[in-house]
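Worksheet for the structure shown next.
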There are 2 protein chains.
Amino acid sequence: MQNLETEATNASKYLSLVAREAEEKFNEHLPVATDAPFKLHEAMRYSMFAGGKRLRPALAYAAFELFGGKGDSIWYASSALEMLHTFSLIHDDLPCIDNDDFRRGKATAHKQFGEGTAVLAGDALCILAFELMAKTRKVNAIETLAKALGSYGMIGGEITDIESEGKDVDLETVEYIHYHKTAALIEASLMVGAQLADASDADIKKIQQFGKAIGLAFQVVDDILDIVSTTEELGKDAGSDLEKRKATYPAIIGLEASREKAHAFYEEAIEILKQLPGDTSVLRSIAAYIITRVN
Amino acid sequence: MQNLETEATNASKYLSLVAREAEEKFNEHLPVATDAPFKLHEAMRYSMFAGGKRLRPALAYAAFELFGGKGDSIWYASSALEMLHTFSLIHDDLPCIDNDDFRRGKATAHKQFGEGTAVLAGDALCILAFELMAKTRKVNAIETLAKALGSYGMIGGEITDIESEGKDVDLETVEYIHYHKTAALIEASLMVGAQLADASDADIKKIQQFGKAIGLAFQVVDDILDIVSTTEELGKDAGSDLEKRKATYPAIIGLEASREKAHAFYEEAIEILKQLPGDTSVLRSIAAYIITRVN
């Protein structure tokens, strides 16, 4: 565990560095609040700057660096990835979906701006993400991202998540939800970084497998934290999964087995990394960060 | 008027022909209903096959043909355009936005499938549209479309539309709403068709101006029909603009001046067409169709 924690600390430093640069770019790429429609632009900025680890931009950047990517296209992708993540959170938090009032310690978009504005701010972030991706001129990266997000990806995971609430679901369904709702976009973030760096198909495949493993680890840890953390630590309602009878790992296999599962995904991720060329230490440390994080 | 009606009849035939082909492609490009998540895929198909003139695919196809486009990429764009239009209708109809129960004579998506599913079905159609656009390999067309749809385009028009309800707005605001909410995507449909055919920048600019003029005509006629038609003729709630105190042309300048305005936009469109090379008769007839249509 000592090693894991040292690695996680290194990852935290890396995440902070990328986040600082990425947030400057968000600021450039988002519409200015002095442009009409004001309230929509305010809502887009509010949700994008409500905090967050900026994990997806960092993963994309790390993959881009690993495969020797050059130039500014990565920052368009970085903004696009965080916009797509934020779009999914805004819509997920809506009363007709998860009905959450708090996120990262702040009022959710619909609580702050009203439901109609929240729906449209999410839509606008999603569309702007594709506009920015178009600026990278890489259609393969655009396709990767759209596939990861659509009805066979993230949106498919979200609807299955809400449809499974209150039902007795099996582990297979939980794994479907975790992979689609969370891991698909984490996987795609790494792939997009690699694609912008013109990595080989074989390397893109490997980084995808690594992304799937850390993405699944991420969501198992999320399920665990919902149970063992306080609302203050999480910045969102703790215990809400239990209350909503969500399909989660701990609900089906218990806390201890869930912790083991998260570590198994971590080990799998590390094994895959070993098959990649170059200095993979940043990605290794991010994997450690993901399973040791407390919020 | 005799001439206009003959032209409109020609346009109807053209629209039917393109619609038949386009709908076969929608069927291919949409997820099959036997794939999970079933309800989401059912909702996406329900809304895409709820009728409609398929005007945007027809405009894209007409521009593609005018500029000598070859190959199948136009059908990816055609599906994408109709998906983006449908996505905007599904979200617009939501209780937190326009709160409409009927559209094209059928229950709206949220009435049929519930609000959460409607939000996510709209999202999935939007994302799938960009996946299909990526298959055209034309990043300039992807960028055109994203710009037309985002916060400075269609979404900007939608939020301004709902924010203006019940307020005394000026003609400038109505024009802003009309251009952004409706004309921007009509304009983009023509531009995308031209871009897929590798038209020159000058020709793309001209077709954009034509699109703006017919797009504005389309929305003025829509406002007029909301007043003079029955719910049965429209397939959606007639008189709902008045009831919601929407910002419309007739509300500000009256019915007769609105009719004159629609014809002025038509005349403008025809003048622009004359500056384009090739056989523009299809586009001329669609313009006539737009100002003579009754639903």
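For this structure, a couple of remarks:
- Test: residue in the range A:24-39 that is more than 14 Å from chain B (Cβ to nearest Cβ) and either under 30 Å from residue B:117 (Cβ atoms) or of a type in the set (Gly, Ala, Ser) (or both): no
- Residue match in the range B:27-42 (condition: assigned to a helix (DSSP H, G or I), touching a Lys or Arg at 6+ places or on another chain (Cβ under 8 Å) and surrounded by 17 or more Cβ atoms within 10 Å (Cβ to Cβ)): no
- All positions within the range B:132-149 that are within 7 Å of another protein chain (Cβ to nearest Cβ) and buried (at least 23 other Cβ atoms within 10 Å of the Cβ): B:134, B:142, B:146, B:149
- Of the residues making up the range B:156-194, those that are within 12 Å of chain A (Cβ to nearest Cβ) and farther than 23 Å from residue B:265 by Cα are B:159, B:162, B:163, B:164, B:165.
- Filter result (within 11 Å of chain B (Cβ to nearest Cβ), small (Gly, Ala, Ser) and surrounded by fewer than 21 Cβ atoms within 10 Å (Cβ to Cβ)) within the range A:66-117: A:114
- Check on residue B:162, touching a helix residue (DSSP H, G or I) at 6+ places or on another chain (Cβ under 7 Å) and either at pLDDT below 95 or of a type in the set (S, T, N, Q) (or both): yes
- Remark: residue A:245 falls outside the filter, which requires a residue to be in a helix (DSSP H, G or I) and either surrounded by fewer than 21 Cβ atoms within 10 Å (Cβ to Cβ) or touching a strand residue (DSSP E or B) at 6+ places or on another chain (Cβ under 9 Å) (or both).
- Only helices (runs of 4 or more DSSP H) whose full extent lies in the range B:130-209 are considered here, and the ones with at least 1 residues that are aromatic (Phe, Trp, Tyr) are B:171-178.
- Lone unmet requirement of (1) under 18 Å from the mean Cα position of the chain (by Cα); (2) part of a loop (DSSP other than H, G, I, E, B); (3) within 23 Å of residue A:274 (Cβ to Cβ) for residue A:236: (3)
- Selected residue (only one of A:146, A:121, A:134, A:184 is under 16 Å from the mean Cα position of the chain (by Cα) and within 25 Å of residue A:41 (Cβ to Cβ)): A:146
- Some residue of the range A:5-24 being surrounded by fewer than 18 Cβ atoms within 10 Å (Cβ to Cβ) and closer than 24 Å to residue B:160 by Cα: no
- Any hit, the range B:36-50, residues being in contact (Cβ under 8 Å) with a residue 60 or more places away in the chain and touching a strand residue (DSSP E or B) at 6+ places or on another chain (Cβ under 9 Å): yes
- Selection status of residue B:56, more than 14 Å from every other protein chain (Cβ to nearest Cβ), under 17 Å from residue B:122 (Cβ atoms), surrounded by 14 or more Cβ atoms within 10 Å (Cβ to Cβ) and basic (Lys, Arg): yes
- Residues (surrounded by fewer than 24 Cβ atoms within 10 Å (Cβ to Cβ) and either touching a Gly at 6+ places or on another chain (Cβ under 9 Å) or β-branched (Val, Ile, Thr) (or both)) located in the range A:151-162: A:160, A:162
The values are calculated or read from the model by the stated rules, or taken from the named source; none is laboratory data. Note that the structure is predicted; figures quoted are calculated from it, not measured. We place every Cβ from the backbone using ideal geometry, glycine too, and count neighbours over all the protein chains shown.
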